[in-house]
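Structure first, then comments.
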Amino acid sequence: MILDAATAALRLLPAETAHRATISLTRAWGGLLPAAPPPDKRLAIRVLGKTFANPIGLAAGFDKNAVVPNTMLRLGFGFVECGTVTPRPQKGNPRPRLFRLAQDRAVINRMGFNNDGMEEAAVCLARRQRRGVVGINIGANKDSADRIADYRAAFERLAPYADYVTVNVSSPNTPGLRGLQNRDELTLLLATLTAARAILAPTTPLLLKIAPDLDGHALDDIAAVVGASGIEGLIVSNTTVARPASLKSPEAKETGGLSGAPLFEPSTQILRAVRQRVSPSLVLIGAGGIASGAQAYAKIRAGASLVQLYSALAYEGPGIVVRLQQELLACLTRDGFATIADAIGADATTLPLREGRKITK
Ligand SMILES: Cc1cc2nc3c(=O)[nH]c(=O)nc-3n(C[C@H](O)[C@H](O)[C@H](O)COP(=O)(O)O)c2cc1C
């Protein structure tokens, strides 16, 4: 496929140059790309008040400025999360700040929320023809004096264009940001956002994206705060600051968040631990190291209703989306599940609640 050949060529460029080229090419020519075939109906799922054509989403960080969500949907993603968007534009950290760990099928990034700010994102989103499911991931500016006010401002500006909003408190690349996962700060942050939502966008689901580097006590606190807050879901997880001893690539020593293959096991373990702690009505989105349908399926069986990926797309190109759909379907058939909804939480001790009626073929 021509897109896979283009991905192989882009891999010869430095990582961030390749990413910028990918976004520019997608923006300029994306409308001409052939649409992926419609996914099998057994992969459709109703959750967060929306129907997702399939459960495989594009994780935040690929389309930080919300310039290509519709093209990414056309390539077969069941949903696309844009951002992280901060209130004011910011450059992010000095380059180089994005590293391929090719021998490990991994990435390290310390981008630092480089983005054009919420006004630019709002312009792009307002222009977009609304179709599919598009979430917006929001964050705080690095130099903000009041981070909670930043989240509120970004929520108020962008929620009208979002099918859901993700509150990103787990990037390791903005100093102090992950402190917002602590009990008191998280309570205040989520109270502020649910209050803003009640006035402005009462039907917009709110999700919290957490780090994989949390211990059992921190997860207990998050589960308690989230349970009391009235938000709808959690994304598990962002990148890790850990460096597994198994890493082989010389770039492994770089500072930043590690994603891709080495994140699969730890992020899936945290997903399991979170599923045990939260109410069955809370929706979980599994992210971290997904590069096969079997891995997406494992996260779904662990309790995720939806999954997301980013790093594997950088290695394999957009052909990965349809491949994953086919592999996921093969897993369902093998295990005798009629639909993806039937497999959610199959390995979990507490089952997530079903929303609406089952979607069958
Ligand atoms: C280059 C890069 C930039 C990212 N930027 C963001 C971001 O802005 N906001 C966010 O919530 N997550 C960001 N992420 C994390 C991803 O959304 C995802 O949670 C993580 O990479 C794990 O998935 P993966 O292993 O499939 O890449 C970024 C990841 C990468 C590789």
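A few points about this structure:
- Excluding ligands, DNA and RNA, the accessible surface per residue across the stretch 1-112 is 44 Å² with a 1.4 Å probe.
- Accessible surface computed residue by residue for the stretch 160-203, with neighbouring protein chains in place and a 1.4 Å probe, gives 41 Å² per residue.
- Think of the stretch 212-295 as having a plus end and a minus end, set by charges on the Cβ of Lys, Arg, Asp and Glu; of His217, Ser279, Ala261, Ala261 sits farthest toward the positive end of this dipole.
- Note on the chain: with neighbouring protein chains present and a 1.4 Å probe, carbon and sulfur make up 56 percent of its accessible heavy-atom surface.
- Take the stretch 205-361 with all the other protein chains still there, run a 1.4 Å probe, and you get 38 Å² of accessible area per residue.
- Across the protein chains, with a 1.4 Å probe defining accessible surface, the residues Arg27, Arg178, Arg275 rank Arg27, Arg178, Arg275 from largest area downward.
- The chain - mean residue ellipticity at 222 nm from DSSP helices (-39,500 (n - 2.57) per run, n ≥ 4, rounded to 500): -11500 deg cm²/dmol
- Computed over the stretch 264-313: relative contact order in percent, which uses C-alpha pairs under 8 Å that are six or more apart: 42 percent
- Counting lysine pairs in the chain that sit 8 or more residues apart in sequence, or on different chains, and whose Cα atoms lie under 19 Å apart gives 11.
- The residues packed around Leu206, meaning those with a beta-carbon under 10 Å from its beta-carbon, carry a net charge of 0 if Lys and Arg are +1 and Asp and Glu are -1.
- Global geometry of the chain, whether rounded, prolate or oblate, following the gyration tensor of its Cα atoms and the 1.5 cut on a/c: rounded
The values are calculated or read from the model by the stated rules, or taken from the named source; none is laboratory data. Here the structure is a predicted model, which means the values were calculated and not measured. In this analysis, Cβ positions are derived from the backbone assuming ideal geometry, glycine residues included, and neighbour counts consider all displayed protein chains. Ligands, DNA and RNA are excluded from the accessible area calculation, which covers all protein heavy atoms including side chains. Shrake-Rupley method; radii C 1.70, N 1.55, O 1.52, S 1.80 Å.
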